[in-house]
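Only one structure is covered here, and it is reproduced in the block below.
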Amino acid sequence: MSLEIINLDIVANTVDGRYGVSIPFSSGLFLLRMENSHGKSTCMNAIAYALGMEKALGLGSAKIPFPPSLTRALTTKEGKEVNVISSFVSLKVKNKNGRVANLKRNITGYENENVIYIDETLVGSDDAKTSGSYFLHREGDTDREKGFYKWLSVFMEWDLPQVPNHSGKETPLYPAV
């Protein structure tokens, strides 16, 4: 089981244009060092959110508390406040076999936040790509073909234990679902 983070994008689309950050990650240990109140927690929350693991942060069914700059309005460098129309996180990851996938999940706006759009590059070819939408936080997200956690466990070659569900049927046990 292996998952390498390659890049994180956090984007807010506003009435004044697109704002955001792109953070490339290097292989091995990566340290994110910034002054207080400059987005370290937002970056970590965005990674968890892109992987559908926001519940693992102890927030129960609540959405990750992204700052208002990703949910309502942001203040530009010039001091102008602009409304956020939509926002999303995009996380590029690689598995141990070299397969690369870009996961995009909506934070706010017109798209459903319980859907993750995945563009995946197949091993050995820069041109062979698959893409699709995968659902999460609904029944079947761990074992149905279009369930995100099913996709993630296959992508990571993660052999999840089987446990009985509420109807006595065996289902994969996924963390924080």
Within the stretch 122-174, of all residues that are closer than 19 Å to N95 by Cβ and polar (S, T, N, Q), the one modelled with the lowest pLDDT is S125
Log entry, pairs with first residue in the stretch 68-80 being farther than 10 Å from T108 by Cβ, second being open to solvent by less than 50 Å² (accessible area, probe 1.4 Å) and outside any loop (DSSP other than H, G, I, E, B), beta carbons closer than 7 Å, six or more apart or on different chains, reads S69/A12; A73/V82; A73/V84; L74/A12; L74/T14; L74/V82; L74/V84; T76/V82
Could you say whether any residue in the stretch 111-134 is within 20 Å of G17 (Cα to Cα) and either surrounded by 13 or more Cβ atoms within 10 Å (Cβ to Cβ) or touching a Phe, Trp or Tyr at 6+ places or on another chain (Cβ under 6 Å) (or both)?
-> yes
Quick one: is R99 among the basic types (K, R) and open to solvent by less than 60 Å² (accessible area, probe 1.4 Å)?
-> yes
From the set of residues in the stretch 40-72 that are at pLDDT below 90 and small (G, A, S), which is surrounded by the most Cβ atoms within 10 Å (Cβ to Cβ)?
-> S41
Tell me, which residue of the stretch 1-25 that is modelled with pLDDT of 95 or more and charged (D, E, K, R) is most open to solvent (accessible area, probe 1.4 Å)?
-> R18
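The values are calculated or read from the model by the stated rules, or taken from the named source; none is laboratory data. All of these numbers come straight from a predicted model, not from anything done at the bench. Glycine gets a Cβ as well: all are built from the backbone with ideal geometry, and neighbour counts include every protein chain shown. Just so you know, the surface numbers come from the protein's heavy atoms only, side chains and all, with ligands and any DNA or RNA stripped out. Shrake-Rupley method; radii C 1.70, N 1.55, O 1.52, S 1.80 Å.
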